[in-house]
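Novice: There's a structure below that I have some questions on.
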Amino acid sequence: MSGARKSKGVMVFVEFRRDHIRRGSIQLIGEGRRIADILGVELSGALLGHGVEEYAKEAIQYGLDKVHLVEHPILASYAARPYSKVMVELVEKYKPEIMLLAATKNGRELGGRFYVHLQTGLAADCTAFRVSEEKNLVMIRPAFGGKSLAHIMCKKTRPQMATARPNVFPEPERDPKRKGRIIKENIELGPEDVDAKMVQFITHMEDEATRLADADVIVAGGHGIRRADTFGTLQELADVLGGTVGGSRKVVDLRWLPKDRQVGQTGKTVRPNVYVAVGISGAVQHLAGMQESEKIVAINNDPEAEIFKISDFGIVGDLFEVVPEMIRQIRERRPAKEPI
């Protein structure tokens, strides 16, 4: 879609899953609100599903001015072809100058599909946005394995499209008194728009329990833990804190942890209430993925480690003495696995 002067407004794809708006979309509503206020334009959302009008009202309470609601039985669960068809029609109809999606699996697939139809650009996995003096969106994302940041602008075509990693932006406060418009869109869908059918939706509880993105407490290990079996001790600490275990890129490269447990620019971006960094020196790539944690506790035997510069609490000492003592004292104060 060319013709930047005809485009106006910021639109967020509001991703709905089962019975809730996904956190990444809520966070993007907050960031979209900031960008729209700078540009002096409306912030809208696109919500697709079936029987989801109450969630359109919720999305408005997080900061949207209006929601384009598309309901149809075919949209009850995510499928790339009908979702991309609907989003193309919405964008062509309303011509937003900026289109934002959370970089979830669905958001990445959807953005990749319909930006081709719109003949515009797409910056993927962004970690920050700013607005240039010329009112273009500057889309910032890690490059070269997280060693630098690329600043991307799309000056000639609209919409300016980007996906953003969940948890890089704070979640806006919900205001139950906030009012906005819900615009019910009528977009025709038929069997020809379906190329895959949802047969059964299975939630793997073990996987959910170990997901980093939504964890309130994370105990993360770095190369300083010396060996893979030390993660058994870190898991004990995570258990008594009611949390989960993560790690730096180095321990993932050494195969001490699976890739889905990696925190950092090339892994997960997290915002837990408590982040315990054990044997992590504090490389900038790792800090980018966890520095927005509410409270950061660092344990390292090097008093000059970079991690201490952003920590709320720092312990200089041998982790093989400090961590077991922490576990012992926490167990004395609360039953095992009681969340903090």
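Read-outs: derived from the displayed coordinates by stated rules, not from any lab. These numbers were taken from a predicted model, which means no experiment stands behind them. When we count neighbours, we look across all protein chains shown, and the Cβ atoms used for this are built from the backbone with ideal geometry, even at glycine.
Novice: What area, in nm² and to one decimal, does the C-alpha convex hull of the stretch 33-97 cast on average over all directions? The partial results should precede the final answer.
Specialist: Numbers: hull surface 18.4 nm².
Computed as one quarter of the Cα hull surface, the answer is 4.6 nm².
Novice: Just to be sure I understand: of the beta bridges DSSP finds with both ends in the chain, what percent are antiparallel, rounded to 5?
Specialist: Details: 12 of 58 bridges.
Rounded to the nearest five, the antiparallel share is 20 percent.
Novice: In square nanometres, what is the average projected area of the Cα convex hull of the stretch 2-69? Walk me through the intermediate numbers first.
Specialist: Values: hull surface 19.4 nm².
Seen from a random direction, the Cα hull of the stretch 2-69 projects 4.9 nm² on average.
Novice: Determine the principal axes of the Cα atoms in the stretch 64-113, then give the extent along each, sorted from largest to smallest and rounded to whole angstroms.
Specialist: Principal axes ranked by extent give 25, 24, 20 Å for the Cα atoms.
Novice: Only loop residues by DSSP count here, and only those with at most 15 other Cβ atoms within 10 Å; note down the GluC sites (Glu not before Pro) in the stretch 79-137 that meet that.
Specialist: Values: sites: 89, 92, 97, 109, 133, 134; in loops: 97, 133, 134.
Passing both the DSSP loop test and the Cβ count: 133, 134.
Novice: Count charges around residue 233 for me, please; just the other residues with Cβ under 13 Å from its Cβ, Lys/Arg as +1, Asp/Glu as -1.
Specialist: Details: positive: 226, 227, 328; negative: 229, 236, 239, 318, 321, 325.
Once all neighbours under 13 Å are counted, the net charge is -3.
Novice: Please list log₁₀ I(q)/I(0) at q = 0.08, 0.13, 0.14, 0.18 Å⁻¹ for the stretch 4-193, using the Debye equation with identical point scatterers on the alpha-carbon positions.
Specialist: Each listed q corresponds, in turn, to -0.23, -0.61, -0.72, -1.23.
Novice: Given R₀ = 35 Å, what would the calculated FRET efficiency be for residue 153 paired with residue 253, taking r from the Cβ atoms and rounding to 0.05?
Specialist: Numbers: r = 33 Å, r/R0 = 0.95.
After rounding to 0.05, the efficiency reads 0.60.
Novice: Cα-Cα over 24 Å: which of 93/268; 8/156; 135/156; 66/177; 85/179; 93/155?
Specialist: 93/268; 85/179
Novice: How far, in nm, would the chain grow between residue 227 and residue 117 when pulled straight, counting 0.36 nm per residue and subtracting the alpha carbon separation? Please list the in-between numbers first.
Specialist: Numbers: separation 110, 0.36 × 110 = 39.60 nm, distance 4.93 nm.
Full-extension gain reported as 34.7 nm.
Novice: What is the Cα coordinate range of the chain on the first, second and third principal axes, sorted by size from largest, in whole angstrom?
Specialist: 63, 46, 40
Novice: Looking at the stretch 117-204 from every direction and averaging, what is the projected area of its Cα convex hull in nm²? Provide the component values of the computation, followed by the final result.
Specialist: On the way: hull surface 45.4 nm².
Over all viewing directions, the stretch 117-204 projects a mean Cα-hull area of 11.4 nm².
Novice: Mind checking Rg over Rh on the stretch 206-333, alpha carbons, Kirkwood formula for Rh?
Specialist: Numbers: Rg = 12.9 Å, Rh = 14.1 Å.
Taking Rg over the Kirkwood Rh, I get 0.92.
Novice: Something else about it: Starting from the 7 Å offset along Cα-to-Cβ, what nm value, one decimal, do you get for the label separation of residue 200 and residue 316?
Specialist: 5.7
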